[in-house]
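Asks: My structure is below; once you've seen it, I'll send some questions.
The values are calculated or read from the model by the stated rules, or taken from the named source; none is laboratory data. Source: prediction; values computed, not measured. Neighbour counts run over all protein chains shown; Cβ positions are idealised from the backbone, glycine included. Protein only, heavy atoms only, side chains kept; ligands, DNA and RNA dropped before computing areas. Shrake-Rupley method; radii C 1.70, N 1.55, O 1.52, S 1.80 Å.
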Amino acid sequence: TRSTRPQRLLKAVQKHATRGDPQSVISAIDHFCRHSEWAMNIGDEKGSILDSVVSEVNPEKVLELGTYCGYSTVRIARLLPPGARLITLEFNADYAAIARQVIIWAGLEDKVQLVEGASEDWIPRMKEHFGIETFDFVFLDHWKDRYLPDTKLMEDCGLLRKGTVLLADNVICPGVPDYLAYVRNSLSYKSCYFKSHLEYTKAEDGLEKSVFLG
Ligand SMILES: O=C(NCCCCc1cc2cnccc2s1)c1cc(-c2ccc(F)cc2)cc(O)c1O
Ligand SMILES: [Mg+2]
């Protein structure tokens with residue numbers, strides 16, 4: 001039967017990228033998505049903003065909600081200091097299988113723990129299952145109607161500390177209006193918007209960076 005888009009994306013990585021070279025994996029995926037088939041990776045333009053925020057935070061403990069093919073996982077993990085850890089949640093088992101192989105091709109498997117399942121099931125288990133106290137950086141890129149409930153769930157589970165940085169993708173397209181209203185109006189967050197474009201297109205999109213104030 002016909003291959004899936006993530007399978008074709010992985011083939012492009014294995015054909016054009018150099019094993020152990022994260023930048024070549026990033027470039028191969030961006031080339032595939034720009035010249036062959038669009039896919040919902042954060043992309044190179046928003047990806048550069050992600051890189052700058054990750055470099056500024058220099059996190060030890062990272063949570064990514066929404067792995068997809070592992071593009072942003074590789075972008076983040078390649079910037080982490082030795083000993084830092086990234087936990088990434090993916091709901092779709094087929095996407096997770098592709099992402100595992102992309103992460104291995106990039107040579108970043110030692111920094112990344114990919115977990116299959118729903119955020120609402122795993123967030124309450126982070127402490128006892130992964131020995132996590134709090135996260136330094138959280139990247140939200142999963143179901144857009146889960147950004148707000150999962151942020152409140154992370155607050156309630158004590159997973160955020162003074163200074164934890166949340167970075168949310170797609171705050172314009174597809175859009176997360178309830179989440180934006182919350183982080184921009186809550187006294188517990190200092191929030192700012194990074195205007196950009198929907199991956200590989202001219203449509204407006206952007207990232208919202210929100211610092212938890214405790
Ligand atoms: O849906 C998007 N991402 C979410 C898929 C995640 C499913 C998961 C749920 C879940 C639950 N628990 C744990 C892990 C996970 S992973 C998405 C969509 C577009 C887009 C698509 C069409 C379009 F015309 C314009 C934009 C662009 C983007 O950048 C996206 O990120
Ligand atoms: Mg996204």
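Asks: When the accessible area of region 1-87 is split by element with a 1.4 Å probe, what percent falls to carbon and sulfur? Walk me through the intermediate numbers first.
Replies: Numbers: 1930 of 3830 Å².
The value for region 1-87 is 50 percent carbon and sulfur by accessible area.
Asks: Hey, which of these cross-link pairs are over 30 Å Cα-Cα: 144/190; 61/202; 61/190; 61/144?
Replies: On the way: 144/190 21 Å; 61/202 33 Å; 61/190 20 Å; 61/144 23 Å.
Table pairs above 30 Å Cα-Cα are 61/202.
Asks: Next up: Mind checking which aspartates and glutamates have their Cα closer than 13 Å to the Cα of residue 152? Skip sequence neighbours fewer than 8 apart in that chain.
Replies: 120, 178
Asks: Also, quick follow-up: Considering the Cα trace of region 151-211, what is its radius of gyration and what is Dmax, both in angstroms?
Replies: 12.4, 39
Asks: Here's another thing I want to ask about it. Would you grab the residues whose amide H sits under 5 Å from the one on residue 164? Only those 5+ places off in sequence or on another chain, please, with H modelled 1.01 Å from N.
Replies: Residues meeting the amide H criterion: 212.
Asks: Any idea of the accessible area per residue across region 1-120, 1.4 Å probe, to the nearest Å²?
Replies: Details: 5320 Å² over 120 residues.
In whole numbers, region 1-120 has 44 Å² accessible per residue.
Asks: While we're here: Given the -39500 (n - 2.57) contribution per DSSP H run of 4+ residues, what per-residue ellipticity at 222 nm results for the chain, rounded to the nearest 500 deg cm²/dmol? Working shown, then result.
Replies: Working: 9 runs with 89 residues, N = 214.
It comes out at -12000 deg cm²/dmol, rounded to the nearest 500.
Asks: Mean projection of the alpha-carbon convex hull of the chain over all orientations, in nm²? All intermediate terms of the calculation are to be shown ahead of the outcome.
Replies: Working: hull surface 44.6 nm².
Result: a mean projected hull area of 11.1 nm².
Asks: Report, ordered by chain and residue number, the aspartates and glutamates lying within cross-link reach of residue 111, taken as a straight Cα distance under 14 Å and ignoring same-chain residues fewer than 8 apart.
Replies: Residue 111 reaches 60, 64.
Asks: Of all beta bridges DSSP finds with both residues in the chain, what is the antiparallel percent, to the nearest 5? Each step should come with its number before you reach the end.
Replies: Values: 13 of 32 bridges.
Among the beta bridges of the chain, antiparallel pairing accounts for roughly 40 percent.
Asks: Suppose we keep just the DSSP beta bridges with both residues in region 100-214; what percent of those would be antiparallel, to 5?
Replies: Working: 13 of 18 bridges.
Around 70 percent of the beta bridges assigned by DSSP in region 100-214 are antiparallel ones.
Asks: Put +1 on the Cβ of each Lys and Arg and -1 on the Cβ of each Asp and Glu in the chain; which of 68, 28, 122 then has its Cα farthest toward the positive end of the dipole?
Replies: Ranked along the dipole, the leading option is 28.
Asks: For residue 64, what residues show an amide H to amide H distance below 5 Å, using hydrogens built from the backbone and excluding near sequence neighbours?
Replies: Under 5 Å from the amide H of residue 64: 87, 88, 89, 139.
Asks: Can you sort 128, 45 by solvent-accessible area, 1.4 Å probe, largest first? Walk me through the numbers before you get to the answer.
Replies: On the way: 128 130, 45 85 Å².
Order by accessible area, largest first: 128, 45.
Asks: Given H placed 1.01 Å from N in the peptide plane, which residues other than close sequence neighbours of residue 18 have an amide H under 5 Å from its amide H?
Replies: 24, 25
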